[in-house]
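Remarks on the structure that follows.
Read the figures in this text as sums done on the coordinates, not as results from a lab. These numbers come from a predicted model, not from an experiment. We place every Cβ from the backbone using ideal geometry, glycine too, and count neighbours over all the protein chains shown.
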Amino acid sequence: MMHGARTGMRTGLRRLIAGAMARDLCAFVVPGSDVARARGLDLARAGLHLAATPRHANVLLVVGTLPPDLRDAATVAYAQMPRPRAILALGADTLAPLPAADATGPLTQVGLVAALADLRRVVANGAFAAKVTDFDAPALQTRIEYTCPMHPEVISDEPGNCPICGMTLMPKEASASSPAAHQPKQSAPAHQPPAVAHAAHGHSTHTAAETPAQYTCPMHLEVISDEPGNCPKCGMFLVPVDAKPVGHSGHDHHDHHDHHDHSKHVATETPTQYTCPMHPEVISDEPGSCPKCGMFLVPVEAKPEDHSGHDHDGHAGHEGHAGHSGGPAIDGIEPHFMSMVNLTRDMPASADGLKMEWIEVPFGPFFPGLPGGLGLTLTLDGDAIAETRVQSLVGGSIAADGLTPAEFVERFADQSPLCRVANRQLACLALENAASVAPDARTATARAAAVERERIASHLGWLASFAAQTGLVWMERRAAAKQLSIQAAPVDQIAANAASLRAFLHRVRKTPLLRAKLAGNGRIGEGKPVVGPVARAQGVQSDARAGDWVYDALGFQVVTGTGGDALARLHQRCDEINQSLELIARAKELSVPEPQNIGTVTGQGQATVETPRGAAHLVVELLGGKLVTATYRPPSAAHIDLLADLIQAQEIADALVAVGSLDLSPWGLPA
Amino acid sequence: MSIAILLLTLTLGAYFIAVIEGWAVHGRFSLTRPALSAVALFGRESLLARTPDRLFFEAAPVLLLVAGLLAVAVIPLAPGLIIADLATGALFLNAALAYVLVALIMAGWGPNGGYAMIGGWRFLGQFIAYAMLIVMPITAVAMRAESLSTTMIVTSQADLWNVFYQPLGFVLFVLAAMGLAWLPPLDLPNAPGDLAGGVEAEYTGVRLAVLRLARMVIILALAGAIVTFYLGGWLGPWLPGWAWSVIKMLVVTTVMLTTGRLVPRVREADLLAAGWKLGIPLALANIFLVGVIALVVDI
């Protein structure tokens, strides 16, 4: 535990604590518990608790070899774990930039249990060390950038003053690496319209030539200067105030008219009015104090038609506390001068009309409620989605060049851990089509049964993730247990478990309040390119199995639902599990697709298989019995582009339910 | 002496909650795991977030614990077995638990992270939904007892427990209590599935231990309040009074910790709609009914 131990002499008390830690292992799984289950790992049975955030974990469990982007993200997650922390790697070839694993094993349940026993010993002995090495990796580098508290769009690598308002820029930490981390870093909204001068400094360019003018700071009205310059307190440019003629003491109307009549910028500018940051209804033509709360009035551009606008909405929220998003507060800035009126003026307003701070929060690639490897970056407007960026950290093209068919099938299956059997089937069919050979009817049926078994397991795995996301712990546990028991089971065992599985699905549908949570959520409009269970849940007869002679022989008919929302998708998957149980019962035999010997074939072959998530398409090109290219179109590719529209302006929990209901697999998506 | 007994009960009660919660979450009943977890937490680093609001971040778990302990202080286990027998005990309980909101918003704000902050503000919304449903049922209970003293409220139930006298108030109060203690399905501020821990997400080590302990104390205080207000407190045959209080509190905590997990997490909008459109009219009806019964029937 070179980078994982905590500094400290190994005293008796620390030994005791380390012993407790070794027995209380809490794992953060990368790429995710969905992948762990699909690989046949039963973490609960092995005695591992799962953590929802790396902050609460002491074990980073790496399942399989991770693509480079995902390893970078895993490094960030590891760095976020409090020490003592350990890495448990199962079936992973390479971990860098992560430090070396503290325990390793093959990617099986037996391997997990054995590696866990090793890990407990390592933790008990090595949780505390007299000398520890700090962990550092390029993925963790951050740099300091400087930004203006009033103009977050102003970002500079060096300290200095804001080019818009002249305020001293404040330091802010920013990530130097690109992969989305798990850890939400609050960042300034980069989505503001380009620099619109604040009303408070709108007059800064209009220096008065003839009449005596005074200058003041928009933030510190007590600062009065006869000359233009910078505020001694915050460094902002001073703005001119319309100085009252010396000796003129009246505050009556005549003065104002008089004043405005002779104002030097009548024609081009709106007159300056003053308002209270807390009471926008207080409008005065002169600076002074608010009659309600005594605060200094701040200048605004008079907009007679806009006195009742949204600017003073109380929901403007936390933006007022500039110190929060930007780091240390500046000496001398009194917080109440960060008036909400000014701060929210140029902010984009969402559909509900409220102006709030927009924060960018990464959900994924290891978010517990989403598929592992899916990087969802949501810009949140309050708790509603303002912008969505989707990225697969486990995508990319399929490496095929020079592989033999058998190698390709293994490689291709491993690249989609969530549907390995369906992808084996896909690869085998494509290769066979290239060679114009076909398996006999019995093998074809047995293969189809294996694909159906995986469909059951995959849908149950989805149900487990979905239940975890919606807080149904019992359902998560039961679904996960059933997935693990069925995904490698032979036909007779599946038949034996069918009744209890059906009873479970019945109970799932009858879960109280499920309708209130799911109905109407995640609806995709008609005419969108949807596939698989998502399409069938909205009544579209889209199924690659229809018309396939193997399935025809098994009496397959497309099952569809109505509604097209998250609830309909849940029901659809339950229906499909029942249907697959019947298909397996009729097939009577089951065998995982194995590549046939196709000889030294040269040619092109393609195939389409209805995977648990929809139709997947593969084109392979062979030259002399070796692969040249493989072009893969995964089913989730159709859905990933629909995400942004689907969750726009939704509340965050609803949005995640909607995303979850699509059962996306980021594996093999175009990078 | 009585303080020592109360502290012991509190400690055992909090531990019991940890055991039950572990059973509900992980599906395994283990008497040792919470102790191991607690010891392990004390050995872990207490990390600070990147640019935290240090004061809020540090103060929130402590404030939460203090709020819970203050609330526990007015729960009677038996006649005389109470830390502070205030004449305004029921009101004091309510006042102490109001700080739960403050503490959670501080915990959400402090670490300067997205998940935590959304969790904190979510709890503000949740507060708006549950707050009236804590106060209004207590009003009806106090009407019958003609006192805000928690011991008087228990003795007023000698003939008939309030759970039978005002069942509507009981149901509303239990639901509101689950909202206050952010128990599933009302665990919006820490929502493991959609906020990855929410307000708890950035706490580690000792601070996390304090935060979790504080939550257990709050659950215990609320279970004590439910027992005191509706289930006749220490009243019961054969066994000594404190035993009845403890048994009833354990049953109530078990029900609160387990039943909510059978339904999906309630949507924030649905919670607010239910709280205001349904909960408050029902709570008003409860007050009215109790008032009429109190005038007409002499129990």
Exercise. Averaged over B:34-41, how many beta carbons belonging to a partner chain fall within 10 Å of each residue's beta carbon?
Worked result: 6
Exercise. Of B:Ala176, B:Ala116, B:Ala274, which is the most mobile in a GNM of chain B whose springs link Cα atoms less than 10 angstrom apart?
Worked result: B:Ala274
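Using the number of other C-beta atoms within 10 angstrom as an exposure proxy, rank A:Trp667, B:Trp234, A:Trp549 with the fewest first.
Details: A:Trp667 26, B:Trp234 23, A:Trp549 9.
Starting with the residue having the fewest Cβ neighbours, the order is A:Trp549, B:Trp234, A:Trp667.
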Exercise. Taking each residue of B:202-210 in turn, how many C-beta atoms of other protein chains fall within 10 Å of its C-beta, and what is the average?
Worked result: 3
Exercise. Between B:Trp238 and B:Arg28, what FRET efficiency follows from the Cβ-Cβ distance if R0 is 25 Å, with the result rounded to 0.05?
Worked result: 0.15
Exercise. Mean Kyte-Doolittle of at least 1.0 and a Cα length of 18 Å or more along the axis: which whole DSSP H helices of chain B meet both?
Worked result: B:2-26, B:54-73, B:89-109, B:114-145, B:167-180, B:205-230, B:241-259, B:280-296
Seminar exercise, completed: GNM on chain B, Cα springs under 10 Å; top mean-square fluctuation among B:Leu172, B:Leu278, B:Leu91 goes to B:Leu278
Exercise. Under a point spin-label approximation (7 Å from Cα along Cα-to-Cβ), what is the A:Ala441-B:Ala95 distance to one decimal in nm?
Worked result: 8.5 nm
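Going by average Cβ neighbours within 10 Å, how do the peptides B:84-90, B:70-76 rank, with the highest at the top?
Averaged packing, sorted descending, gives the order B:70-76, B:84-90.
Among the listed pairs A:Lys482/A:Lys588; A:Lys510/A:Lys588; A:Lys510/B:Lys248, give every one whose C-alpha distance is greater than 22 Å. Before the final figure, lay out each step's value.
Working: A:Lys482/A:Lys588 20 Å; A:Lys510/A:Lys588 31 Å; A:Lys510/B:Lys248 31 Å.
Checking Cα-Cα distances, A:Lys510/A:Lys588; A:Lys510/B:Lys248 exceed 22 Å.
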Problem set entry | Protection proxy ranking, peptides B:158-164, A:33-39, A:605-611, average beta carbon neighbours within 10 Å, highest first | A:33-39, A:605-611, B:158-164
Problem set entry | Whole-angstrom gap from segment B:139-206 to segment A:16-53, using each part's C-alpha centre | 33 Å
Exercise. Over chain B, what relative contact order in percent results from Cα pairs under 8 Å that are six or more residues apart?
Worked result: 27 percent
Seminar exercise, completed: B:Ala294 and B:Ala158 label points (each 7 Å along its Cα→Cβ direction) are spaced in nm at 1.8 nm
Seminar exercise, completed: Placing each pseudo-label 7 Å from Cα in the direction of the beta carbon, B:Thr259 and B:Tyr15 end up separated by a distance in nanometres of 2.8 nm
Exercise. Given springs between every Cα pair under 10 Å in a Gaussian network model of chain B, which of B:Val154, B:Val174, B:Val206 has the largest fluctuation?
Worked result: B:Val206
